[in-house]
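Single-structure report; data block below.
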Amino acid sequence: MLEAPAQPTPPTFQSDPLAFLTQLGDGQDHLFFPLGRYESLLINSPSLINWLFTSRSVGRGRFFKLFARFIGNGLLASEGEPHLKIRRVMQTAFTRETLPIFMRVMAEETKVQLEQWPTNTPLDLLSRLNRLSYRVSARVIFGMDQIFRDEEGLAEVINAGSGFLMGRAPDKPLELVPHKGRRYHPLVMEALEYIFDHWQPTPIVRVLQGLDEQERYDQTLTLLFASLETSAASITYLFYMLGQHPQIQSKLEQEVRSHTPFSVHDIFRMPYLQHTVSETLRMFPVGGWFNTREALEDTEIEGIVLKKGTPIVASSWITHRDARFFPNPLEFRPERFFTAATRGTYFPFGGGVHLCLGSSLGLNQAAYLTGAILSKFDLEFEPDNLLTPQITLSLTPMGKMGARVKLAAD
Ligand code: HEM
């Protein structure tokens with residue numbers, strides 16, 4: 001007797017979050033789905049997404065309570081009046097006055113790092129871009145050569161956090177170190193102490209140094225998790241897309257090389273470069289792939305009845321790839337951003353009171369590093385490059401990306 005072929009097991013949120021979200025997002029404005037033990041609402045329409053980011057009837061909810069166990073009660077995890085109060089303080093580090101300081105330091109550090117890239121030989125572009133971005137972030141944010149003892153050490157800290165959050169190691173209880181009324185993962189504790197021993201007074205560090213000790217731990221940790229991986233991943237995906245689209249690479253090279261010598265100010269006069277960054281964050285929304293909130297009370301929106309405590313999710317991974325909002329969504333096409341996206345369909349930096357504090361810095365870093373690399377080097381990508389997004393805390397590019405680089409003037 002012939003056996004029936006085994007049915008493939010459908011992906012679950014825990015086994016493969018992106019595959020799970022992809023099959024869930026089928027062009028509907030909203031649907032209910034099981035998330036662990038909870039019946040949750042997925043929303044995927046501009047009006048519902050705008051509602052989620054602005055409504056007083058929703059709050060951060062249980063996911064962020066869990067998050068706080070790992071990263072403390074910093075900006076990401078806190079809410080209400082305490083969140084607004086500390087956000088106002090932290091905002092003073094991200095102003096029109098501080099951005100030029102960040103950009104100047106960014107340019108200096110990028111120059112140092114790019115001078116170390118070997119030319120005319122195969123290069124592991126994936127790890128080079130990671131290192132470049134981490135080193136630039138370390139210098140700009142904390143005034144340090146590197147954030148932790150080395151890049152691998154930092155990856156360990158981030159993996160420990162994401163393993164914990166995604167419930168990937170339920171059999172390994174977290175052994176946390178007590179400190180001033182909170183408990184931290186030992187690697188996190190080590191990373192924080194390394195930062196406090198080595199940081200220099202950048203505009204961000206000055207604000208952190210002015211906080212009391214508990215706040216300083218919480219906000220430093222939040223910045224560490226919110227900024228480094230997201231910045232590194234965005235530029236990696238951008239170059240991966242250039243490798244797949246030589247015509248976009250040459251168009252971008254033309255724009256970048258029409259400004260010589262290339263400087264930080266030029267990125268604001270390069271629309272194609274800006275749109276390439278936007279398109280990268282559309283296809284690969286490295287943060288905010290899963291914005292969760294929770295109904296704070298029984299409520300109703302657009303006829304959807306919600307019980308207090310219902311988890312509500314808006315996923316940029318789903319909405320950014322929805323053909324109703326972005327025609328041919330799997331096509332990488334920077335030109336689509338010559339027309340602004342409809343409000344509520346494009347949210348790579350989240351929204352509402354928790355909107356990313358470092359969005360300008362993140363966008364400018366991606367644009368500047370891309371411009372600096374393309375103005376200095378010709379890149380010949382290897383034909384068998386393959387990167388796939390994996391969930392750590394953000395959408396981390398995993399796989400292989402190699403290239404041969406030579407000086408553009410040669
Ligand atoms: C391309 C790079 C980046 C992306 C895509 C990104 C994305 C995001 C997203 C989606 C959120 C909202 C999370 C939520 O509501 O749950 C967020 C929050 C945040 N981001 Fe970013 N981010 C980036 C870079 C940065 C940088 C460079 C910094 C700081 C130097 C930063 C600092 C923050 C902080 C402090 C928050 C929390 C704000 C709050 O809750 O009040 N981010 N980011």
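The values are calculated or read from the model by the stated rules, or taken from the named source; none is laboratory data. Bear in mind that the values here come from a model prediction, so they are computed numbers and not experimental data. When we count neighbours, we look across all protein chains shown, and the Cβ atoms used for this are built from the backbone with ideal geometry, even at glycine.
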* Residue among 305, 353 that alone is among the hydrophobic types (A, V, I, L, M, F, W, C), within 15 Å of the ligand (Cβ to nearest atom) and on the phi < 0 side of the Ramachandran plot -> 353
* Count - residues of the range 84-109 that are in contact (Cβ under 8 Å) with a residue 40 or more places away in the chain and within 12 Å of the ligand (Cβ to nearest atom) -> 12
* What tally of residues in the range 314-350 results from selecting those that are over 15 Å from residue 27 (Cβ atoms) and out of contact with any strand residue (DSSP E or B) (no Cβ under 8 Å at 6 or more places or on another chain)? -> 17
* Can you find a residue in the range 31-42 that is part of a loop (DSSP other than H, G, I, E, B) and surrounded by 15 or more Cβ atoms within 10 Å (Cβ to Cβ)? -> no
* Structure fact -> Restricting attention to the range 259-292, the residues that are within 16 Å of the ligand (Cβ to nearest atom), modelled with pLDDT of 95 or more and not aliphatic (A, V, I, L, M) number exactly 9
* Asked: Any chance the range 321-331 includes a residue that's without any contact (Cβ under 8 Å) to a residue 40 or more places away in the chain, of a type in the set (D, E, K, R) and either in a loop (DSSP other than H, G, I, E, B) or surrounded by 20 or more Cβ atoms within 10 Å (Cβ to Cβ) (or both)?
  -> yes
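State all residues of the range 356-365 that are more than 6 Å from the ligand (Cβ to nearest atom) and touching a residue at least 40 places away in the same chain (Cβ under 8 Å); if no residue qualifies, say none.
If the condition is that a residue be more than 6 Å from the ligand (Cβ to nearest atom) and touching a residue at least 40 places away in the same chain (Cβ under 8 Å), then 360, 363, 364, 365 are the ones that fit.
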* Structure fact -> Checked pairs for the range 248-274, first farther than 19 Å from residue 100 by Cα and exposed (fewer than 12 other Cβ atoms within 10 Å of the Cβ), second modelled with pLDDT of 95 or more and of a type in the set (Ser, Thr, Tyr), C-beta under 7 Å and 6 or more apart or across chains, list as none
* Asked: Restricting attention to the range 362-385, does a residue exist that is surrounded by 17 or more Cβ atoms within 10 Å (Cβ to Cβ), over 20 Å from residue 27 (Cα atoms) and touching a Gly at 6+ places or on another chain (Cβ under 6 Å)?
  -> yes
* Do we find a residue being of a type outside the set (Asp, Glu), closer than 17 Å to residue 29 by Cα and in a loop (DSSP other than H, G, I, E, B) anywhere in the range 293-300? -> no
* Conditions: (1) without any contact (Cβ under 8 Å) to a residue 60 or more places away in the chain; (2) farther than 21 Å from residue 230 by Cβ. Residue 297 meets all but one. Number of the miss? -> (1)
* Asked: Just checking, which of 98, 92 is touching a helix residue (DSSP H, G or I) at 6+ places or on another chain (Cβ under 8 Å), hydroxyl-bearing (Ser, Thr, Tyr), surrounded by fewer than 17 Cβ atoms within 10 Å (Cβ to Cβ) and more than 22 Å from residue 290 (Cβ to Cβ)?
  -> 92
* To do: Check the range 77-88 and report whether any residue there is at pLDDT 95 or above and β-branched (Val, Ile, Thr).
  => yes
* Within the bounds of the range 314-326, is there any residue that is within 10 Å of the ligand (Cβ to nearest atom), out of contact with any helix residue (DSSP H, G or I) (no Cβ under 6 Å at 6 or more places or on another chain) and on the phi < 0 side of the Ramachandran plot? -> yes
